[in-house]
Structure formats: structure tokens, C-alpha cells
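Undergrad: Structure below; questions to follow.
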Amino acid sequence: MAEARKILLPADEFPKTWYNIVPDIAKTGKKLAEPKDSGRLNRMKEYVAPSLLAQEKSGAIEVPIPDEVRIHLIRTGRPTPLQHAVRLESHLKTPAKIYYKREDIGYSTDSKLTTAVAQAYYVINDGFEKIVGGGGARWGTSLSIAATRIGLKCDFIMPQSYLTLKEPHRILMEVNKTNVFGSPSDLTEVGRKVKESKKYETGNISLAMSEAVERAMEEKKSAFSFGYLFNFVMLHQTLSGVEAKRQFEMIDRYPDVVICPIDDFGFALPFVADKLAGKKPETRFIVTQSKYVPVLTEGKLDYDHADYAELTPLYRFHTLGRSFDPPMIHAGEMRYHGVPPILSHLVEAGIVEVRTYAQTECFEASWEWCRQQGVIPSHETQYVIKAVIDEAVKAKEEGKEEVIVFNNAGHTMLESSGYLELIVDKKLKLP
């Protein structure tokens, strides 16, 4: 009997809980470092939904997913398939078995909708009328969709350069009634000061986050949304990993290698749980980053703010410094100075390996993936695919039949400028 190429989880088996890794980390004897700066922590209560702050500090391993959130996620395409990349395996002549989670097939084009819907739900339930976000175009797209479905007004601030480079994302946001602004902007005191200094003219995620926080703080009934870094974001991201674990059970397999991009490591956490518990000690975990934003290898592991203007509390994570101005790589969600404290902790503990890649080699890997599997990946997912191919080739050289899984966290049909640059100019501005 032929092995299934697509493993579908029935809707009636859709997970009812998220997985919270923080208590399991504490059981290892090395707790996550607590955030500092009580003044800013207390101020967060004014512009962050209390339910989300409660999740940030939750000691429960399984956190219930509200029924309304489950319904919205099912209606937007969950559970997503787990697929077997048979053609790529054959092309590489590798004994490795490669699986990928199809987070790219939903309306939002990527996996960020899992936390966007959850955050929008808690924001409106806690009495807010508007949700304000700051960050990359993919986060803005997911947040705009979630806000429309839940019934919230939405403002989104993203780097100025993304208004043109990521224009299709902006269009989708505007269609979903989101007001989109480029950063630095005239909307906020932070933005105006930066514009006057003529710094960061193309913008970056750290600055966009500061402007969004300031806007949420100043407007009544407005709440800020986080697309990255915070524990509750990672909590919501685990949904795809919880699904994938169940799908592997359906085919009696378990991954030997789990690979994720730096901006979406939550997928791996349900598998990390088994390693922490000693159930699957040999499983390896890989996170990918850009050589132009080498936060996990060249960043300092220290307390820093999540945003440029120091409006957020101090968290301990790998950081290139909140005023770091990242180069204009095409993987826009990776243009950020830090990483989630959970990921930093796992890297520091030696549980997660880091792979660093340049742009061109990732584009080449993604082209091969597209030719074999028929999916043109997002720029962030390109890095993961490069690591997947490297692992599959290594398995071939070592004669190992490893099971590799990765989160195909998005497709790039809404932002093809990077592919076009390489096709037309025959090279990338940043190789």
C-alpha cells in the first residue's frame, strides 16, 4: 500500500488546547528569566488585553482554546495538511523522509493567523474596540483578517519601505478595513523625532512597534497586538505543532529533525516537550536566520526592550540592540533586533541548533522546492528549505533514513519582488 502523501486531521479532532512550554522549562531546573522594569510592566495593562497578559504568565501546560477562536480558525482553513515531499526526496536521491506543514494555504498566506485570531478575540472580549499592530507585512495581513472577522477596528504600522516592496499585502490589509501607515510616520512623537533625525528612513520592525505601542497607549479603547517575541505569541503558534504531532501519530512516524524559521519557532515546541521529558532525547531542532541579521550568533544575550523607543518592558533574549538598523533583506519579518526569550533559552541550553544563510543560496533552494513540490515559499521559509535540503543531503551521505519536518509557514504570491530581482538582474543586491 502506497504511503499517504497528504495527512489530513479531521475538523472534529482540531486541538482544544495550546501547549505552554514555560512550566516544562522550569522543570529542567533552568527557569525562563523574568522580565524587568515593573513600571512598564504595569503600564502594559493599559494597552494590552488583560487576558493576554495572563497567558504571558500562565503556569498551565495546556491552555484551553476558546470555542469561538476554534470556530474562526476552522473556517479559515484549519487543521492544515501535513504533506510528504516525495518528489524532492526522489530528486535529491535521499533516504530521508521529508514532511511539511501546509501553513501557506490559508487566506492570510501564512501561519501568523493562529495568534492574530486569538489576540483579536481576547482584545474585543476585554472591552477594547480597536487593535493596533506594528511589524512586518505578513503580520499585518493576518491581523487585518482577524480584526475583520472578530469585529474590531484595526490600524497597522509597518516599515516605510514595505508600503511599496510588500504592496500586495498592503492591498489585502486595506480590503480588510485596516488603516496602514509607513514608519517612521507623523502619527506619533516617536515617528516624528526619527523623521527629523533622518534616521531609519526605510523603517524597521522595532521602530514600527514603538509607533504602534504609542498609538495604542494614546487612544482610548485601543489595544496593541504583538506578532513576535512574547510568550503568548509562541503559545498560539504551537497550534500547528500540536496538529502535526497528531498527524504523525496517524502514520506511525515521529520526526528526527524539526526545522523552523526564526520568526515562527512555536511550531517546534510540542516536539521540544518530548525532548525535555526524555521521551525523544535524540530529536534535533534547527532554527534558521539571515547572515545579515545574525541575532542568535552575534547578538548579545542580555536584557533589552522589544521596541526602539523603550516603551516595552525589559526581556532577556539575544539582541543586536533595539537601535540596530537591519539591511534590506527580502525576508521582511526577519529584520528585527531580537528573538523570543523562549527561543533564546533553548538555544542557550543547547537544545536548538542555529543555521545562518545568505539570500542567494536560499532563493536557489526555494526554486528547487517550487519545481519539485509546486509551492513558491515565502522569503522567510526559503531559509528553512535551504536547511531541509542540507539535512536531506547529509542523510544521504551518512545513509540515514531520518524523518525531517518543517513548517511551510507561508507562500510568496503576495510579495514576489525578491524573485523578480534575481530573475531580471541575475543577482541580488545583498547576496
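Undergrad: What spacing in nm lies between the two simple spin-label points modelled at Ala33 and Leu428, each 7 Å away from Cα in the Cβ direction?
TA: 3.1
Undergrad: Also, quick follow-up: What list of ³J(HN,Hα) couplings, whole Hz, do you get for the stretch 273-282 from phi and the Karplus terms 6.51, -1.76, 1.60, once you set θ to phi - 60° and write x for glycine and proline?
TA: After applying 6.51 cos²θ - 1.76 cosθ + 1.60, I find 4, 5, 5, 4, 7, x, 6, 9, x, 8 Hz.
Undergrad: Which whole-Hz couplings ³J(HN,Hα) result when phi for each residue of the stretch 412-429 is put into the Karplus expression 6.51 cos²θ - 1.76 cosθ + 1.60, θ = phi - 60°, listed in order with x for Gly and Pro?
TA: Each residue's phi maps through the Karplus curve to give 10, 5, 9, 8, 9, 4, x, 5, 5, 4, 5, 5, 6, 8, 6, 7, 9, 4 Hz.
Undergrad: Further question on the same structure: Tell me, what HN-Hα J-couplings in whole Hz come from the Karplus equation 6.51 cos²θ - 1.76 cosθ + 1.60 at θ = phi - 60° for each residue of the stretch 79-96, using x for Gly and Pro?
TA: 3J(HN,Hα) across the stretch 79-96, in whole Hz: x, 8, x, 9, 10, 9, 7, 5, 5, 5, 4, 5, 4, 7, 6, 9, x, 5.
Undergrad: What FRET efficiency, computed as 1/(1 + (r/R0)^6) with R0 = 35 Å and r the Cβ-Cβ distance, is obtained for Met250 and Leu420, rounded to the nearest 0.05?
TA: E between Met250 and Leu420, to the nearest 0.05, is 0.30.
Undergrad: Under a 10 Å cutoff between Cα atoms, tell me which one of Gly338, Gly350, Gly227 has the largest fluctuation in the Gaussian network model of the chain.
TA: Result for the chain, Cα springs under 10 Å: Gly350 fluctuates most.
Undergrad: How charged is the neighbourhood of Asp390? Take every other residue with its Cβ under 13 Å from the Cβ of Asp390, and add Lys/Arg as +1 and Asp/Glu as -1.
TA: My count for the surroundings of Asp390 gives -3.
Undergrad: Using Cα atoms only, what is the angle between the long axis of helix 231-250 and the major principal axis of the chain, expressed in degrees (0 to 90) to the nearest 10?
TA: 20
Undergrad: Give me, ordered by chain and number, the residues 5 or more places off His411 or on other chains with an amide H under 5 Å from its own placed amide H.
TA: It is Ser378, by chain and number.
Undergrad: What angle do you read, to the nearest 10 degrees and between 0 and 90, between the alpha-carbon axis of helix 359-373 and the longest principal axis of the chain?
TA: On a 0 to 90 degree scale, this one is about 60.
Undergrad: Using per-residue counts of other Cβ atoms within 10 Å, averaged over each peptide, order 380-392, 138-150, 62-74 from highest down.
TA: Taking the mean over residues of other Cβ atoms within 10 Å, the ranking is 138-150, 380-392, 62-74.
Undergrad: Find out how many positive minus negative residues lie around Pro327, taking Lys and Arg as positive, Asp and Glu as negative, among other residues whose Cβ is under 11 Å from that of Pro327.
TA: Around Pro327, the charge tally is +2.
Undergrad: In the stretch 7-112, which chymotrypsin sites (Phe, Trp or Tyr not before Pro) are in a loop and have at most 16 other Cβ atoms within 10 Å, using DSSP for the loop call?
TA: Tyr107
Undergrad: Calculate the radius of gyration of the Cα atoms of the chain to one decimal place, then report Dmax, the largest Cα-Cα distance, as a whole number, both in Å.
TA: Calculated on Cα positions, Rg and Dmax stand at 20.2, 67 Å.
Undergrad: Would you mind checking the pairs Lys93/Lys280; Lys195/Lys220; Lys300/Lys427; Lys153/Lys193; Lys275/Lys394; Lys30/Lys199 and listing those with alpha carbons more than 29 angstrom apart?
TA: Lys300/Lys427; Lys30/Lys199
Undergrad: While we're here: Per residue of the chain, what 222 nm ellipticity follows from adding -39500 (n - 2.57) for every DSSP H run with n ≥ 4, rounded to the nearest 500?
TA: The helix contribution divided over the chain gives -13000 deg cm²/dmol.
Undergrad: Percent of alpha carbon pairs in the stretch 113-226 separated by more than 21 Å? Display every interim value, and only then the final one.
TA: Values: 1884 of 6441 pairs.
The calculated P(r) of the stretch 113-226 puts 29 percent of pairs beyond 21 Å.
Undergrad: On to the next question. Let's test the formula: R0 of 60 Å, r as the Cβ-Cβ distance of Lys6 and Glu196. What FRET efficiency results, to the nearest 0.05?
TA: The pair Lys6/Glu196 has a calculated efficiency of 0.65.
Undergrad: Another question about this same structure. Can you give the angle from 0 to 90° between the axis of helix 113-125 and the longest principal axis of the chain, with both taken from C-alpha atoms, to the nearest 10?
TA: Once rounded, one gets 40 degrees.
Undergrad: Straight distance only, please: which aspartates and glutamates reach the Cα of Lys221 with their own Cα at less than 14 Å, same-chain residues fewer than 8 apart left out?
TA: Glu46, Asp126, Glu129, Asp155
Undergrad: Percent relative contact order of the chain, based on C-alpha pairs within less than 8 angstrom and at least six residues apart?
TA: About 20 percent, as a whole number.
Undergrad: Now for a separate question. Skipping prolines and chain starts, which residues have an amide H placed within reach, meaning under 5 Å, of the one on Leu301, given they are 5 or more residues away or on another chain?
TA: So Leu301 has HN proximity to Thr319.
Read-outs throughout are calculated quantities, based only on the coordinates presented, and are distinct from any laboratory measurement. Owing to the predicted nature of the structure, the values given are computational and were not obtained by experimental measurement. So basically every Cβ, Gly included, is an ideal-geometry build from the backbone, and we count neighbours across all protein chains shown.
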